[in-house]
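Please read the structure below before turning to the comments.
The values are calculated or read from the model by the stated rules, or taken from the named source; none is laboratory data. Note that the structure is a prediction, hence the values are computed from the model and not measured. Counting neighbours? That spans all protein chains shown, and the Cβs are built from the backbone with ideal geometry, glycine included. In case anyone asks, the SASA skips ligands and DNA or RNA and just uses the protein heavy atoms, side chains included. Shrake-Rupley method; radii C 1.70, N 1.55, O 1.52, S 1.80 Å.
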Amino acid sequence: MQARSALFDLYGDYLRARGSRAPVAALVRLLAPLDIAAPAVRTAVSRMVRQGWLHPLRLASGPGYLLTPKAARRLDEAAARVYRTGRGGWDGRFDMILLDEPVARQDTLRLTYLGYGPLSDQVWVAPRASDEVESVLAGVGFARFSASHTAGSDVVARAWDLGRIGRSYEEFVESLRPVMKAVTPRSTDEEAYAARFRLVHAWRSFLFQDPQLPTALLPPGWPGVKAALFFDKHAARLRPAADRHVERCLQSATRGGRVGFSDS
C-alpha cells in the first residue's frame, strides 16, 4: 500500500467526517499499523500539498493538513460509489462521447474512473452521464450523445472486460476473507482498524475497474454482488472499533502524548 493512496483513504473514510483535517503526528500514527513509515507519510503529504489535494495549517497541537475543496469533492464522490449511496435506477440510456482524436493515457484513466468504457480509441460509453467529463476533456474536441439501449450486451462486451472484472471480485473475497476472520471480539481496536483499512483500500480499487453497470446489463451470478455483500458486512462490523482507534490517535496527537491501545 502506497502512502499517498493510503492518505486518500484515511481522509476519505475517517477524517472527512472529522473536520477534514488532522495533525501530522496523527497521520503518522494512523498509517503505522499499515506498515507505512513516518518518512513515507511526510513525503506523500508534501506531494499532495504540491498537487493541490492538501492545505497546510497550524493546529493547536502543531502542524497539520486540511483537505482542499477539490479533494473534498473528489472524496465525497468516491465515498458515494464505495458505499453505493444516492444512486437511482437506470433509464436505459448510455452516455456516448465521440472524440476528435484519441486522448492521453491520463485522460483515459480518468474516463475509466468515471465509469466510461471504450468502444474504440475515439468512442467511449457509460451507463450514466458524469458531470466531470467536460473538465476531463477540456481542450479536446468531442461530441456527446445520449444513446438508447437496444443491444446493450454487445456494447458492454466491447467496452468492458466483465470476465476480468468478475475474477477480480472473486480474488477480492478470497484474499480478504482470512484477514476478516482474523479479527474477533478479542482483537484490539488497532487490529480491527488495520483490517478494515485494508478491506476498504482493496474495495476502492474497483472504482478504476467496474463501471457499476445496472443489473440488466450484467451476466447471471455476477461475482460483484457477492463481493459487495462481503464488503458491506465486514466494513460495518469493524467500523465501531476502527472509529475508536482513530479517535484515540487524534486525541493522543492533540495531547502530544503516546498512543495507547485497548481491546475492542
*Principal axes of region 49-189: Cα extent on each, largest first, Å*: 54, 40, 28
*How long is the gain from S205 to E132 if the chain were fully straight, where each residue apart is worth 0.36 nm and the alpha carbon distance is subtracted?*
24.3 nm
*With charges only on Cβ, +1 for K and R and -1 for D and E, what is the dipole size of the chain about its Cα centre, in debye, rounded to 20?*
1080 debye
_From the phi angles alone, apply the Karplus equation (6.51, -1.76, 1.60; θ = phi - 60°) to region 17-27 and give each ³J(HN,Hα) in whole Hz, x where the residue is Gly or Pro._
7, 10, x, 6, 9, 6, x, 4, 4, 5, 4
*Once label points are set 7 Å from the Cα along Cα→Cβ at both D161 and Q212, what is their separation, rounded to one decimal in nm?*
2.3 nm
*On a 0 to 90 degree scale, rounded to 10, what angle separates helix 38-50 from the longest Cα axis of the chain?*
50 degrees
_Counting only other residues whose beta carbon sits under 15 Å from that of V123, what net charge do I get with K and R as +1, D and E as -1?_
-4
_the chain: angle of helix 162-181 to the longest principal axis, Cα-based, in degrees nearest 10_ = 20 degrees
_Heavy-atom surface of region 29-133, accessible at 1.4 Å and reported per residue (Å²)_ = 52 Å²
*Rounded to the nearest 0.05, what FRET efficiency do D154 and Y83 have when you use their Cβ-Cβ distance and R0 = 30 Å?*
0.45
*Label V123 and A72 with points 7 Å out from Cα along Cα→Cβ: what is the distance between them in nm?*
4.2 nm
_Report the Rg/Rh value for the chain, based on alpha-carbon coordinates and the Kirkwood definition of Rh._
1.01
*Pulled fully out, how much extra length does the chain show between A38 and R186, if you take 0.36 nm times their separation in residues and subtract their Cα-Cα distance?*
50.4 nm
*Extending each Cα 7 Å along its Cβ direction at F142 and L98, get the distance between those two points in nm, one decimal.*
1.4 nm
*For region 47-92, which trypsin sites (Lys or Arg not before Pro) are both in a DSSP coil and crowded by at most 14 other Cβ atoms within 10 Å?*
R84, R87
*Specify the inter-centroid distance of region 200-242 and region 75-130, based on alpha-carbon positions, in whole Å.*
18 Å
*Of the heavy-atom accessible surface of the chain (probe 1.4 angstrom), what whole percent is carbon and sulfur?*
53 percent
